[in-house]
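Input: a single structure, listed below in structure tokens.
Coordinate-derived values only; no laboratory data. This one's a predicted model, so the numbers in the text were calculated from it and none came from an experiment. FYI the Cβ positions are ideal-geometry reconstructions off the backbone, even for glycines, and counts take in every protein chain you see.
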């Protein structure tokens, strides 16, 4: 083979190798671009779904709250978003359940009084006022007011004495029955339920029914036309 022929052969081989490398890199870039487009599309879809979920979770239902009372200082002293210390063996509260001087007023202030059972207890947050307990109750019976919901969820702030009592009992509180007094109040354009919990026993149930019956009788008498 002549030198010139050899040179042409080498150039053809070199050119062929360059073509193969170019084809390889072209295919590689195309594949990477395709994968990148797929990942970006997936992230975009997930981002839209997340935004939609957040929007739905924070969209309040339209409720007419004009008829609800404001939550004033007297209301806060009665339906104080807490529980009686008598619900906790480790609270060491003196006296007996129901001897609270505000008990009768709490019963009259509540729109609804339910017998409930603790279903779940979970602690959230870790610092300062961010600490709280999320509680879920299963409704067993309605003692006063409209038909109760099947389930009630409440939050106990880290500032409330009940928070520290719950810290001591934790999940052992699941299954505990109690009497929950509750009422909805107006907070801007939203309705917020405030509550107070007391131990459940036949004596307190009978006392609650008597207080409510006396209050209803007094209301009827006040509405009756005077002779």
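At a glance:
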quantity: Per residue convex hull volume, Cα atoms of the stretch 175-227, in Å³; calculated: 99
quantity: Kirkwood Rh, angstrom, the stretch 72-125 [1 / mean 1/r, Cα pairs]; calculated: 13.3
quantity: Span from the the stretch 67-90 Cα centroid across to the the stretch 140-186 one, whole angstrom; calculated: 11
quantity: Approximate spin-label separation residue 215-residue 189, in nm, with each point projected 7 Å along Cα-to-Cβ; calculated: 3.1
quantity: Residues 108, 223, sorted so that the one with the fewest Cβ neighbours within 10 Å comes first; calculated: 223, 108
quantity: Using distinct alpha-carbon pairs, which all enter the 1/r mean, Kirkwood radius of the stretch 116-212 in Å; calculated: 14.7
